[in-house]
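Participant: Structure incoming, see below.
The values are calculated or read from the model by the stated rules, or taken from the named source; none is laboratory data. This structure is a prediction, so every number in the text was calculated from the model and none was measured. Neighbour counts run over all protein chains shown; Cβ positions are idealised from the backbone, glycine included. Just so you know, the surface numbers come from the protein's heavy atoms only, side chains and all, with ligands and any DNA or RNA stripped out. Shrake-Rupley method; radii C 1.70, N 1.55, O 1.52, S 1.80 Å.
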Amino acid sequence: MGVLVKDTAGYETGRGILSGCEQKIMNETNLKKIKALNNPKILEIIEKFIDHCKPGKVTVITDSQEDIEYVRELSLKNNEEQRLAMQGHTIHFDGIRDQARDKANTKVLLPAGVKISSFINSKDREAGLNEVLGFLAGSMQGKELLICFFCLGPNNSKFSIPALQLTDSAYVAHSETILYRPGYEEFKGCGDDFFYFVHSAGELDARCNTANIDNRRVYIDLQENRVFTVNNQYAGNSVGLKKLALRLAINKANREGWLCEHMFILGARPEGKDRVTYFTGAYPSACGKTSTAMISGQSIIGDDIAYIRAGEDGRAYAVNVEQGIFGIITDVNPEDDPVIYKALTTPRELIFSNVLNVDGVPYWLNMGKEIPPAGINFSGEWFEGKKDQQGNPIDPAHKNARYTIRISELGNADERLNHPDGVPVSGFIYGGRDSDTNVPVFEALSWTHGVYVGAAIESETTAATLGKAGVRKHNPMANLDFLVVPLGQYIKSQLDFGNRLNTPPKIFHTNYFLKEDGKFLNSKLDKKVWLLWAEGRIHNEYGAIKTPIGFIPKFEDLKQLFRQILAEDYTKADYETQFKLRTKKLLEKLERVEKLFAEEEQLPAGFMEQFEQEKQRLTETLQGFGRDCISPFEFPPVTV
Ligand code: OXD
Ligand code: MN
C-alpha cells in the first residue's frame, strides 16, 4: 500500500501506488501510457482512486485502435453486452429500476451555506463527498478499472475540453468510444484544465446489473471539476461525458462567457437554394429533438449538447460536444426516421440498449414491425403478459430504450461535423411537449424576448427521466435538469451573450404536440415545414404576422411550403385551428411560469419585464377582441 496523504478536500490519496508497491494491478505497458502524459494531476487522481476503489486490475485506454478494440471485447467478455446477429451490433441491458436519469439522486455539491436555486437539487459538499466516496470505497474489488481519455468537442479546437473517465464498466467505456472523440493526445500538455469522472456500477447481480440500486448516487463537485457516480449503469447516469460533463461545462461556460446548451445542431438545406443555414435547438428529453436534428434532406452535426462561442465576426459558432448519438429508439421506423432506421438495420458498430432480443434480432416499440411474443429484455426472459412486482405489464422493450451510434456513419452527417471552428449559428429553436397552448411555430420579437421564450419552456414529462410521465414541468432552455449555477445568472449569461454579438441568432419556438379533441393537429413530418419557414425568415424570404407572442407564419407561405415540401394541400381551416391564438391558455401558462421565476433571486433587469409586456399584449388582445381564441387572419401581416 502506498503512503496515504490528505488532498485539499481532506480525502486520502494513495500516493505511491503507481511508483512501486502495488504495480501488479497495472502492468508496465499501462504505466508507461500514464507516465507519457507527464501530468502530475492525472497521476494523483489515478493513484487516489485505485487506492480508494480497489480494482483487481487497471487498464489504460489510449486513442489506438488496439485499445479501443480491447474495450469492445471486454464488454462482451464481461457480459455487459452480447453480440447480435448483425455484424458489429451488440445489446446491453440496464436493470429494471435503472432505465432513466435519476433526478432525485443527482445532486450538485455546494459548500455549506451556499444555495443556488430552488430548482436545483443540491447537497452539502462535505456530506455528499463522504456519502458517495463511502459507496465508491472498495467498489471495484475483483473488477477491472478502465482509465480512458476523451475530448469533449472536436479535436484541436478552442471549444474543447479534455475529459478523463475512470470506470469499472466496459459498456460505459465502449459507449464513450462511440460517442466522443479520442482524447489521449489532447491530454498531453493540457495541465490542470480538464474534467474527470469516477464511475462504478457497484456490486453486480447475476444478470450483471447493479445490485444496490437504492444506493445509486450521482454527485457533481464543481470545485474540483469532477463527478462521482455509483451503483448505476443507464448511460444518462453513468456515462461521465454526457449529462455529467454537461453540468461541469455549464459552470465553466458561465464563468467564461460562452454557452453550454442542451441543444442539437443541424444544417438546414432548402431544396433548390444553394445554401446551408445552421440552427441549434433545445427540447426537453423525448420531445422530438433527435428527430428534428434528423429531418430529411437536412444535415446533422449533433443531437444533444452544443458549446456555443462568439466568433470574431460577431456571430455565434457552435460545436457538437459529441460525435455520436445516444438516441431514443422508440418510434424509430422506416417511414418517420428513414436515415436512423437504415443505420440501425445495417452492419456497423452499434449498441442497442433495453430493446427486446429475439434470437439475435432487436425489436423495439413502434418500429413498424410486429414484435414477437417472447424474447430477452431488461426484465430477463420476457413473454407477452409478463408483469412487474407491482402487477404492471412489462413492455417488450423499454420506452426509453436507446441506440448508440457514430454520426459520421449516417448518410446525412454534415461535412463540418468535426470542424474545430464549429459552424455559424443563424437560429435557435426551442420547443416542448405542449398539448393545448402554443402554436406550432413562431419567431420571437427580439433576442431578449427569445431568451424569455426559451426560459419559459414548459413540457409534459416523458420516460427519459424516472417518475410519472405526462406532468407539465417548467424547463428553462430544456436545460433545467443540468443547471448548476443560479437560474438568474444562467439567464443573464444568455442575454449578455446575444447582446455581445453583431448578428445574434433569431430565436424560434416550435410545438409538435398540439392536440384538439385528443388528436394531434400535426403529423410528424410537418416539422420540416416549420424548420424551412424559419430558415426562410432568416433570409428575409417570408413576411409574418405579428401577434402578442411573436411572429407567426402567413397562410400563403405555409400553403406553398406544405405543397412544395410534403406535396400536401394545407387549408385555411388547418391553419386556423393550428395557429389561432389561445389567449387564455397562453396567459395561464405565462402566469404559472412567472410564479416560478418569482421565487428566484437575481433575475436580470429586462428579463422579468418580458413577462409584464407579454401579459399586457395578451390581455389587450383578449379584451380588444372580447374572446379567447383569435384567428391568425384577424391580425394584420407585417413585413419584418
Ligand atoms: C438524453 C436525455 O438522453 O436528455 O439526451 O435524457
Ligand atoms: Mn438530452
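Participant: Just to confirm my filter: which strands (runs of 3 or more DSSP E) fall fully inside segment 217-270 and include at least 1 residues that are more than 16 Å from ligand 1 (Cβ to nearest atom) and open to solvent by 10 Å² or more (accessible area, probe 1.4 Å)?
Facilitator: Values: elements: 217-221, 226-230, 259-261, 263-268.
So the answer is 217-221.
Participant: Also, I was wondering about something else. Name the residues in segment 501-559 that are of a type in the set (Lys, Arg) and touching a residue at least 24 places away in the same chain (Cβ under 8 Å), would you?
Facilitator: 506, 515, 524, 527, 528, 537, 546, 554
Participant: Let me ask something else. Give the residues of segment 516-528 that are in a helix (DSSP H, G or I) and out of contact with any strand residue (DSSP E or B) (no Cβ under 8 Å at 6 or more places or on another chain), sorted by residue number.
Facilitator: Answer for segment 516-528, where residues must be in a helix (DSSP H, G or I) and out of contact with any strand residue (DSSP E or B) (no Cβ under 8 Å at 6 or more places or on another chain): 524, 525, 526, 528.
Participant: Let me ask something additional. Return yes or no: is residue 396 surrounded by fewer than 22 Cβ atoms within 10 Å (Cβ to Cβ) and more than 19 Å from the chain's Cα centre (by Cα)?
Facilitator: no
Participant: Taking into account only those residues within segment 401-437 that are among the polar types (S, T, N, Q) and open to solvent by 10 Å² or more (accessible area, probe 1.4 Å), which is farthest from the chain's Cα centre (by Cα)?
Facilitator: Taking segment 401-437 and keeping what is among the polar types (S, T, N, Q), we get 404, 408, 412, 418, 426, 435, 437.
Remaining after also requiring open to solvent by 10 Å² or more (accessible area, probe 1.4 Å): 408, 412, 418, 426, 435.
Details: 408: 18, 412: 20, 418: 18, 426: 21, 435: 23 Å.
Residue satisfying both the conditions and the ranking: 435.
Participant: Quick one: residue 471 ticks every box in (1) modelled with pLDDT under 95; (2) more than 16 Å from ligand 2 (Cβ to nearest atom); (3) open to solvent by less than 10 Å² (accessible area, probe 1.4 Å) bar one, so which box is it?
Facilitator: Single failed check for residue 471: (3).
Every residue, every condition in (1) in the same structural domain as residue 451 (by TED's automatic domain parsing); (2) under 20 Å from residue 235 (Cα atoms), yes or no:
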{"site": "281", "(1), (2)": "yes, no"}
{"site": "302", "(1), (2)": "yes, yes"}
{"site": "334", "(1), (2)": "no, no"}
{"site": "341", "(1), (2)": "no, no"}
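Participant: Could I ask something else about it? Within segment 451-458, can one find any residue that is part of a strand (DSSP E or B), more than 15 Å from ligand 2 (Cβ to nearest atom) and buried (at least 23 other Cβ atoms within 10 Å of the Cβ)?
Facilitator: no
Participant: Quick one: what pairs do we get from segment 300-314, first residue within 11 Å of ligand 1 (Cβ to nearest atom), second open to solvent by 10 Å² or more (accessible area, probe 1.4 Å), C-beta under 6 Å, 6+ apart or different chains?
Facilitator: Close Cβ pairs (under 6 Å, with a partner that is open to solvent by 10 Å² or more (accessible area, probe 1.4 Å)) amount to 303/290.
Participant: Against the condition modelled with pLDDT of 95 or more and more than 13 Å from ligand 2 (Cβ to nearest atom), how does residue 221 come out, does it pass?
Facilitator: Working: modelled with pLDDT of 95 or more: yes; more than 13 Å from ligand 2 (Cβ to nearest atom): yes.
Against the criterion (modelled with pLDDT of 95 or more and more than 13 Å from ligand 2 (Cβ to nearest atom)), residue 221 qualifies.
Participant: With segment 316-390 as the region, which strands (runs of 3 or more DSSP E) entirely inside it contain at least 3 residues that are crowded, with 24+ Cβ neighbours inside 10 Å?
Facilitator: 316-320, 350-353
Participant: Looking only at residues in segment 30-44 that are within 31 Å of the chain's Cα centre (by Cα) and not in a helix (DSSP H, G or I), which one is nearest to residue 192 (Cα to Cα)?
Facilitator: Checked segment 30-44; the qualifying residue nearest to residue 192 (Cα to Cα) is 39.
Participant: Taking segment 96-106 only, how many residues are surrounded by fewer than 23 Cβ atoms within 10 Å (Cβ to Cβ) and either more than 16 Å from ligand 2 (Cβ to nearest atom) or β-branched (Val, Ile, Thr) (or both)?
Facilitator: Matching residues across segment 96-106 total 4.
Participant: Take segment 191-214 and flag every residue that is surrounded by fewer than 18 Cβ atoms within 10 Å (Cβ to Cβ) and touching a strand residue (DSSP E or B) at 6+ places or on another chain (Cβ under 8 Å).
Facilitator: 193, 203, 207, 211
Participant: Additional query: Return the residues of segment 534-564 that are in contact with a strand residue (DSSP E or B) (Cβ under 7 Å, 6 or more places away or on another chain) and of a type in the set (Lys, Arg); say none if nothing qualifies.
Facilitator: Passing the criteria: 537, 546, 554.
Participant: Output the number of the condition that residue 418 fails; it satisfies all remaining conditions of (1) closer than 30 Å to residue 124 by Cβ; (2) part of a loop (DSSP other than H, G, I, E, B).
Facilitator: Evaluating residue 418 over (1) closer than 30 Å to residue 124 by Cβ; (2) part of a loop (DSSP other than H, G, I, E, B) leaves (1) as the failure.
Participant: Okay, moving on. Only residues that are away from ligand 2 (no atom under 16 Å from the Cβ) and under 12 Å from residue 165 (Cβ atoms): list them for segment 229-248, please.
Facilitator: 229
Participant: Which ones in segment 587-612 are touching a helix residue (DSSP H, G or I) at 6+ places or on another chain (Cβ under 6 Å), farther than 15 Å from residue 454 by Cα and in a helix (DSSP H, G or I)?
Facilitator: Of everything in segment 587-612, just one residue is touching a helix residue (DSSP H, G or I) at 6+ places or on another chain (Cβ under 6 Å), farther than 15 Å from residue 454 by Cα and in a helix (DSSP H, G or I), namely 587.
Participant: OK, next. Identify, please: which residue in segment 278-292 is crowded, with 23+ Cβ neighbours inside 10 Å, more than 12 Å from ligand 2 (Cβ to nearest atom) and of a type in the set (S, T, N, Q) and is, among those, nearest to residue 244 (Cα to Cα)?
Facilitator: 280
Participant: Give the residue, chosen from 120, 147, that is open to solvent by 10 Å² or more (accessible area, probe 1.4 Å), away from ligand 1 (no atom under 16 Å from the Cβ) and in contact with a strand residue (DSSP E or B) (Cβ under 8 Å, 6 or more places away or on another chain).
Facilitator: Unique residue meeting the criteria: 120.
Participant: Which condition number in (1) within 28 Å of residue 80 (Cβ to Cβ); (2) more than 12 Å from ligand 1 (Cβ to nearest atom) is the one that residue 326 fails?
Facilitator: Exception for residue 326: condition (2).
Participant: With over 23 Å from residue 426 (Cα atoms), open to solvent by less than 20 Å² (accessible area, probe 1.4 Å) and among the polar types (S, T, N, Q) as the only criterion, which of 577, 583 stands out?
Facilitator: That would be 583, the only listed residue that is over 23 Å from residue 426 (Cα atoms), open to solvent by less than 20 Å² (accessible area, probe 1.4 Å) and among the polar types (S, T, N, Q).
Participant: Another question, if that's okay. Take segment 549-574 and flag every residue that is in a loop (DSSP other than H, G, I, E, B), under 30 Å from residue 610 (Cα atoms) and open to solvent by less than 10 Å² (accessible area, probe 1.4 Å).
Facilitator: Once the filter is applied, which keeps residues that are in a loop (DSSP other than H, G, I, E, B), under 30 Å from residue 610 (Cα atoms) and open to solvent by less than 10 Å² (accessible area, probe 1.4 Å), segment 549-574 yields 549, 553.
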